[in-house]
Amino acid sequence: MSMTRTLSDWLAFIEAQHPAAIALGLERVRAVAGRMRLGRPAQRVVTVGGTNGKGATVAFVEAIARAQGLRVGAYTSPHLHRYNERVHIDGVEADDPALVEGFEAVEAARGDTPLTYFEYGTLCALWLFERAQLDLAVLEVGLGGRLDAVNIVDADAAIITTVDLDHQDWLGHDIEAIGREKAGIARPFKPLVLGDDDPPASVLRHAYAIGAPAWRIANDFFAEPIDAQHWRWREVGYSIELPMPMLALAAPVQLRNAACAIAALRALKLRIERGAIEEGVANALVLGRLQRFERDGVEVLVDVGHNPQAARALAEWLHAQPRRPTQAVYAALADKDAPGVVAALAAGVDAWQLAGSLGAGQRGTDVAVLAQRLRGTAAEGARCHADVATALTAALAAAGAGGRVLVFGSFHAAAQALVYLNAAG
């Protein structure tokens, strides 16, 4: 691989280096990290895992810590528009030359060890973070936890946002099995923050076995709505009133994510002033989380939700809003529980527009295949479209002024919708 390739060249190259898009295990990535002589990515490290809410939680941790004046690196995945979105250093996306240099460093150390796309990216991010002299690194787990590439780093605090059914082919077919995998990011005697009211027993057992103190929402800390503009975070001996988050229209699930971020920073015993918490919660921003647009009197909401738990959160939000005729544009990846998603949202959706996702790579699917999978559900007989843009055009026309369109199903679906909407002005 020539060391004069562009970032696009490198991304195409690394995508072709492993026969599987997903190949869990730490042996390969740990061996290459050793040859790269990677040290700690920052003075303190927070790892964020869970079924849903990881990206938003990373954004809250990053925004609060930066408001305090800390130098922060954040690693997330996947991206919506540009690969650069995955790596933030002091609030700024890594530029192409920096990422190219990082990939060159990984390739120089890799030898004949095959790495997945995500493993390449993780090693590149860690290499860049180590050189940036960070106070704090916030690392989002890609899939699962125990065998995810991010888990080669020993975190000072770990967050598990939620545990629900997703990626069962890799993580197990029930909540307890999935919980065991996600709990693998916890470290002995280091705090583990849990965003579920009632986390799986497997998570609590693992924390107890390794001596990791578990900080549980609705037990050790609380997120309490006050009114439409304010909420309260509290624990024993401390409370703070905060503005509602900017992202996701202050959906209830985002209060949990913000609360977990605050809990993790406090568990690290970092000096975080009230003003920094207020500023960080108010200004944290993640695209594609109930992101709102208006087009000719139609409310358009774009969300990356892609599994039944995320769909239930969307349904909860819809139920709390003034009633509008709602069209859903749904584009699922091949390995997702599409019937479960439709069932969760059926009561809040008046009509369905299905879209293909062939542009999403190996996990994309043709709309005819998606429609076949949804036979016998509320989306049976829905109009089918080759792509999200075509489906969104049809949904906007069908919704009419005063209507609502919800576009969701994957990061790819959200990205295509955002391109369409931004191009429309």
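Structure above, values below:
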read-out	value
Proximal lysines to Lys269, defined as alpha-carbon separation beneath 16 angstrom and excluding residues fewer than eight positions away on the same chain	Lys190
Farthest positive-ward along the stretch 291-423 dipole, Cα basis, beta-carbon charges - from Ala320, Tyr420, Val302	Ala320
Charge tally in the Cβ shell below 13 Å around Gly34, where Lys, Arg are +1 and Asp, Glu are -1, Gly34 excluded	+4
Residue order, fewest to most beta carbons within 10 Å, for Val369, Val286, Val341	Val369, Val286, Val341
Neighbourhood net charge (15 Å Cβ-Cβ; Lys/Arg +1, Asp/Glu -1) for Asp350	+2
Signed unit charges on C-beta, dipole axis of the chain, positive-most listed residue Ala401, Val100, Gly280	Gly280
Stokes-Einstein translational diffusion, the stretch 290-417 - Kirkwood Rh over all Cα pairs, 1.306 mPa s, 10 °C, in µm²/s	114 µm²/s
Of [x] 1.12; [y] 1.02; [z] 0.96, the label for Cα Rg over 2.2 N^0.38 Å derived from the coordinates	[z]
Cβ-based exposure ranking for Glu294, Glu235, Glu140, in which fewest neighbours within 10 Å come first	Glu294, Glu235, Glu140
Footprinting exposure proxy for Tyr117, Tyr330 (fewest neighbouring C-beta atoms within 10 Å first)	Tyr117, Tyr330
Estimated 222 nm signal from helices in the chain, with DSSP H stretches of n ≥ 4 weighted -39500 (n - 2.57), rounded to 500	-11500 deg cm²/dmol
Top of Ala228, Ala59, Ala346 by mean-square fluctuation, Gaussian network on the chain, Cα under 10 Å	Ala228
Electrostatic dipole magnitude of the chain [Cβ: Lys, Arg +1; Asp, Glu -1; Cα centre; debye, to 20]	480 debye
Cut-off 12 Å between beta-carbons: net charge of the residues surrounding Arg363, Lys and Arg +1, Asp and Glu -1	-1
For the stretch 100-185, projected area of the alpha-carbon convex hull averaged over all directions, nm²	6.5 nm²
Förster-model FRET efficiency, 60 Å R0, Ala320 and Arg5, C-beta, rounded to 0.05	0.75
Equivalent ellipsoid semi-axes - Cα gyration tensor, the stretch 139-239, angstrom	25, 16, 13
Mean separation of Cα contacts under 8 Å, 6 or more apart, over the residue count of the chain: relative contact order %	15 percent
At least 15 Å along the helix axis (C-alpha) and Kyte average at least 1.6, DSSP helices within the chain	388-399
Theoretical gain in end-to-end length, Arg35 to Arg295 [0.36 nm per residue, Cα-Cα removed]	88.3 nm
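Since every read-out is calculated from the coordinates, none of them should be taken as a lab result. On a predicted model such as this, the values are computed, not experimentally measured, just so you know. Note that each Cβ is placed from the backbone with ideal geometry, even for glycine, and that neighbours are counted across all protein chains shown.
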